[in-house]
Amino acid sequence: MKPNQAPAIQLGIRVASPLAIVVGVYLLFAGHNFPGGGFAAGLVFGAVAILRTIAGLQRPRGTTALIACGVLMVTVVSFLPILWGDPLLDQRVVTFDLPLLGTIKTGTALVFDIGVSIIVVGLVAAIINGLSASQPTQGAGQPTQGAPQ
Amino acid sequence: MLWLLFGAHLVGIAAAVLAGRRSMQAGLCAAALAPAATAIWAATRLVEGGDVVSAELVWVDGLDVAISFRADAVALLMTLLVSGVGALVMGYACGYFSSDAKGGSRFGATMLGFSASMLGLVWADSIWTLFIFWEMTSVTSFLLVGHKHTDAAVRLAARRALVITATGGLVLLAGLILLAQNTGSPNLTKLAPISGTEAAVAAALVLIGAATKSAQVPFHVWLPGAMAAPTPVSAYLHSAAMVKAGILLIAVVGPAFGDVAAWKWLGICFGFASVIWGGVGALRHRDAKLILAWGTVSQLGLMFTLFSAGAPKAIFAGVALLFSHALFKAALFLVVGEVDVRTGTRDITQLGGLARSMPLAFVVALLAGASMVGLPPLLGFTAKEAAIEAVLKLSGGTQAVVGVAIIGGSVLTVAYTIRLLYGIFGPGPATSVAPQGYVRRRSWLMAAPAVTLSLAGVVGYAVIGGVNEIVVPAATELNAKAGVYELIAWPGVKTAFVISVLIVITGAVVGVLWIARGSNRIPLSLGADATDGIVDGVISKSPRLIAWIQHGSLPVYLAVMGTVAVLAAAALASDFAGGHLIWWDHPLQAMLAAAVVIAALAAAFVGSRLGAALALGSVGFGVTGLFLVHGAPDLALTQLLVETVVVVGFVLGLGHLARRFPPVTGSWRSVRIMVAAAGGLAVTAALVAAGTNPTGQPPTPDLVAEAVAEGGGKNVVNVILTDLRALDTLGEVVVLATVAIGILALARVRTRPQAQTQES
């Protein structure tokens with residue numbers, strides 16, 4: 001569709017994007033103990049990507065690399081335990097102290113979750129690209145993509 | 001140790017890719033190291049003896065899914081053949097290819113990849129391991145046969161080999177699953193004898209799988225075509241390694257089918273047909289490589305017959321034949337390859353007189369040929385004697401059929417061997433194809449492996465005790481009673497020996513008569529043409545079928561999916577139990593449910609697309625509220641976000657479509673309404689049925705305890721997703737990634753034609 005370039009919408013989305021990213025990151029890290037998780041975080045990031053596309057601010061790029069990166073993270077974390085003789089997808093929990101933040105407890109599940117969120121973002125980005133592939137993209141994205149009728 | 005050797009192969013593949021960029025020769029040298037080391041290891045193990053080496057990498061513990069290796073006597077014998085012949089052939093290939101040959105990385109790496117797959121197959125101790133490596137040999141052999149991929153005939157031959165062996169692999173998988181279920185263990189060394197109908201079916205399936213791999217009639221049609229491969233590939237895959245996989249398989253699983261009559265007779269039928277038809281084919285062809293290929297079909301049929309017969313002595317003779325065949329057939333292939341690159345032809349009617357110009361090759365071919373025929377003082381003689389002795393030990397119908405196979409096959413072998421050697425080395429117009437005499441100079445790299453392999457036949461005969469140390473333990477491993485036999489260098493004038501002499505005389509007469517008849521008509525390849533016809537037919541007819549199944553209309557797809565879902569839910573529709581249904585836990589639920597219903601009706605009736613999308617979003621947000629009231633914040637959060645993304649995505653996507661839905665009228669409208677209504681009713685009925693039939697206590701307390709103890713997290717849903725049930729999540733995200741890649745590909749398909757029209 002033709003990007004909506006109304007200044008108010010553009011400004012609103014421009015301001016809201018960083019906040020939404022922060023919310024997404026929070027969901028990603030909070031997921032282990034509170035509502036959230038990789039899937040939810042990925043959806044937040046994906047929603048940001050769609051809104052920015054609609055407003056004509058930005059088009060997602062490097063979608064393939066994003067998906068590949070996510071799949072790689074998830075697969076490596078899943079299969080690594082086998083090398084140490086543990087079962088597939090076994091979790092390692094790490095606890096360490098950081099200045100200011102105090103004791104941090106994290107594990108390989110977090111890497112897995114990050115991979116999940118990256119794949120979800122990649123899927124949303126692929127949908128955006130797929131929907132706008134046959135349309136002219138005025139003012140945003142690559143002008144070579146698509147052909148005006 | 002097994003891991004080390006296997007790992008060395010994997011490292012070697014990488015090394016071959018890198019070194020192969022410099023030249024074909026460098027790639028092959030890098031590839032030959034790991035097989036050479038493995039062969040030396042196997043040889044020392046065989047000489048020194050000692051405990052059986054095994055290694056296991058468990059993947060799924062409860063399901064017995066593991067990669068398990070075990071190098072027992074049989075495996076060591078096969079390792080010696082696979083790696084020893086492999087290393088020699090790779091050395092030979094250095095001389096076979098010209099120094100400016102292209103594709104060194106590919107060839108060296110694929111050869112070694114095949115070698116590694118073959119080792120995995122030979123070492124496999126579980127049915128699953130065996131199957132995985134079985135298929136890997138099919139794939140690597142496809143790549144090797146199709147090495148000269150610019151030639152359409154080569155591509156066709158490679159495709160034929162892949163189609164037949166891979167289809168056979170699937171049949172084998174079905175048979176192995178049945179076998180594992182009936183014996184109760186996927187472990188190859190713990191297969192208990194089975195019987196009954198399922199056992200007979202499993203026997204037939206496993207035999208068909210083995211027959212496709214070992215080129216047994218009527219599945220042999222891929223092997224002559226596979227001669228389109230470079231000769232080193234034929235010498236390796238089609239004499240020593242891959243075609244032996246089927247033989248090894250029936251030898252190893254044979255004990256489990258000992259009580260199944262179908263196993264024995266079907267196997268003997270395959271073997272019998274192959275022995276005779278392969279021998280006839282070898283007599284009819286003119287291309288030296290094709291003669292050897294058809295001869296291989298015949299010889300493999302001999303082993304198939306012996307192992308299927310299942311008597312201890314027959315198994316012993318089969319192992320001896322397996323060992324000696326690999327040596328002499330590989331040597332013959334290597335000689336033919338040398339003749340090919342040095343004269344430019346393999347046609348025995350054009351060749352001749354090479355005994356004088358290629359004396360070393362002549363001696364090698366003579367030794368290997370004599371071993372194949374079964375003349376003393378060569379290893380082939382002792383193996384053939386053992387086979388005839390085995391026939392004498394059998395009784396009844398088995399003896400008659402196996403006897404005809406072995407005697408008839410041996411007569412044919414003598415005849416085609418004489419014809420082959422006479423055609424290449426006998427008197428005739430010397431090397432008329434190459435005007436200057438030679439296409440290529442002699443290379444010691446090609447001579448040395450062939451000499452080694454043919455001398456192995458002589459040395460094996462001289463130190464027959466040493467060969468017995470290899471063959472007897474392997475036979476004992478397959479059948480405990482086979483250990484009492486051994487190969488005998490000179491049995492004296494006994495029945496078997498007399499039969500042997502008669503075979504050689506008859507075969508020689510047949511061979512001489514056949515040469516004198518001088519029929520040089522090339523037989524038609526009906527079987528291969530039929531196979532290609534089937535594959536081409538499927539490819540050319542399938543678009544019409546696909547156009548019919550994949551209609552392309554989204555409403556039709558939805559209607560089909562909805563109908564199937566209704567049918568699936570209909571089974572539950574009557575499964576109500578009263579007393580558990582309540583209207584609501586909280587009045588808020590009733591209000592939210594009313595909102596959901598109103599939004600759903602609006603989505604169905606509103607005429608504008610954007611309106612319908614927003615109504616659909618309202619349904620989702622209403623459900624979010626229901627989740628929240630029910631106490632599932634994580635689920636509600638996810639639902640909320642999914643709905644948000646979907647609604648925003650609709651806004652993005654609707655720009656492509658008209659503002660309003662197109663009108664739907666007539667019977668199509670009725671069908672849609674009916675499917676939708678039935679879908680709603682069925683889902684409601686299924687939910688009510690599920691809600692009124694509680695089974696036991698909810699698993700929540702257990703899950704909470706497990707989440708905190710094992711996952712270390714307080715969000716049970718998230719711990720389930722990332723730890724307790726992470727395998728499901730892994731599968732789901734892989735699906736998501738696949739969908740994303742599919743969308744990207746579709747988008748690319750849509751843009752490309754437009755881009756082209758723009759350019760033109």
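Read the figures in this text as sums done on the coordinates, not as results from a lab. Model, not experiment: these values are computed from the prediction. With ideal geometry, Cβ positions are generated from the backbone for all residues, glycine too; neighbour counts draw on all protein chains shown.
Annotations for the structure displayed:
- Converting the Cα gyration tensor eigenvalues of segment B:2-534 into ellipsoid dimensions via √(5λ) gives semi-axes, longest first, of 32, 28, 22 Å.
- Derived value for segment B:541-601: Kirkwood hydrodynamic radius 15.9 Å. Basis is the mean of 1/r over every pair of different alpha-carbon atoms.
- Given charges at beta-carbon only (K, R positive; D, E negative), |dipole| of segment B:552-693 in Debye: 660
- Viscosity 1.306 mPa s, temperature 10 °C, Stokes-Einstein D of chain A from Kirkwood C-alpha radius, µm²/s: 92
- Extents of the protein assembly as shown, taken as max minus min of Cα coordinates on every principal axis and listed largest first, are 103, 71, 69 Å.
- For chain B, the dipole from Cβ point charges (+1 on Lys and Arg, -1 on Asp and Glu) about the Cα centre works out to 2980 debye, to the nearest 20.
- Within 10 Å of the Cβ of each residue in B:709-721, the mean number of Cβ atoms contributed by other protein chains is 5.
- In segment B:552-693, taking the dipole from charged Cβ atoms about the Cα centre, the farthest positive-side position among B:Gly562, B:Phe576, B:Val629 is held by B:Gly562.
- Cα-based helix-to-principal-axis angle, B:242-253 vs chain B, degrees rounded to 10: 80
- Crossing angle, helix A:108-132 versus chain A [Cα axis fit, 0-90 degrees, rounded to tens]: 10
- Averaged over the residues of A:51-58, the number of partner chain Cβ atoms lying within 10 Å of the residue Cβ comes to 2.
- Relative compactness, segment B:607-651, computed as alpha-carbon Rg over 2.2 N^0.38 Å: 1.20
- About its Cα centre, the protein assembly as shown has a charge dipole of approximately 3300 debye under the convention of +1 per Lys or Arg Cβ and -1 per Asp or Glu Cβ, with nothing else charged.
- With coordinates expressed along the principal axes, the C-alpha atoms belonging to segment B:1-55 extend over 42, 21, 7 Å, beginning with the largest.
- 5 angstrom amide H check on A:Gly107, placed H, neighbours 5+ away: A:Val94
- Residue-averaged [θ]222 nm for chain B, counting only DSSP H segments that reach four residues, each worth -39500 (n - 2.57): -25000 deg cm²/dmol
- Dimensions in Å of segment B:461-516 - Rg and Dmax from alpha carbons: 16.2, 48
- Rg over Rh [alpha-carbon atoms, Kirkwood Rh] for segment B:552-693: 1.00
- Qualifying chymotrypsin sites (Phe, Trp or Tyr not before Pro) in segment A:15-106, where qualification requires a DSSP coil assignment and no more than 10 other C-beta atoms within 10 Å, comprise A:Trp84.
- Within 10 Å of each Cβ in A:83-89, the average number of Cβ atoms from other chains: 3
- Counting every alpha-carbon pair across segment B:449-488, the share separated by more than 17 Å comes to 38%.
- When the Cα positions of A:Gly38, A:Ala49, A:Val120 are compared along the charge dipole of segment A:1-132, A:Ala49 comes out farthest toward the positive end, with charges on each C-beta of Lys, Arg, Asp and Glu.
- Residues whose amide H comes within less than 5 Å of that of B:Asp259, counting only those at least five positions distant or on another chain, are B:Ile194 (H built at 1.01 Å from N in the peptide plane).
- Positive contributions from Lys and Arg (+1) and negative ones from Asp and Glu (-1), summed over other residues with Cβ under 13 Å from the Cβ of A:Val77, come out at -3.
- Relative contact order (percent, whole number), chain B, Cα cutoff 8 Å, 6+ residue spacing: 10
- Dipole of the protein assembly as shown computed with +1 at Lys/Arg Cβ and -1 at Asp/Glu Cβ about the Cα centre; of A:Thr106, B:Ala19, B:Ala314, farthest Cα towards the positive end is B:Ala19.
- Helix axis angle, B:197-213 relative to chain B longest principal axis, alpha carbon, degrees: 60
- P(r) of segment B:649-760 over all Cα-Cα pairs, binned every 5 Å from zero, in whole percent: 2, 8, 7, 8, 9, 14, 15, 11, 10, 8, 5, 2, 1, 0
- With contributions of -39500 (n - 2.57) from each DSSP H run of at least four residues, the per-residue ellipticity at 222 nm computed over chain A stands at -20500 deg cm²/dmol.
- The Kirkwood radius of segment B:81-121, taken over pairs of alpha-carbon atoms, gives through the Stokes-Einstein law at 4 °C and 1.567 mPa s a diffusion coefficient of 120 µm² s⁻¹.
- Build a GNM of chain A with springs between Cα atoms under 10 Å apart, and of A:Asp113, A:Asp97, A:Asp86 the one that fluctuates most is A:Asp97.
- Peptides B:727-735, B:463-471, B:652-660 ranked from most to least packed, by the mean per-residue count of other Cβ atoms within 10 Å: B:463-471, B:727-735, B:652-660.
- Annotation note: trypsin sites (Lys or Arg not before Pro) in segment B:489-538 located in DSSP loop regions with a Cβ neighbour count of at most 15 within 10 Å are B:Lys494, B:Arg521.
- Radius 15 Å from Cβ of B:Leu332, net charge of other residues (Lys, Arg +1; Asp, Glu -1): +1
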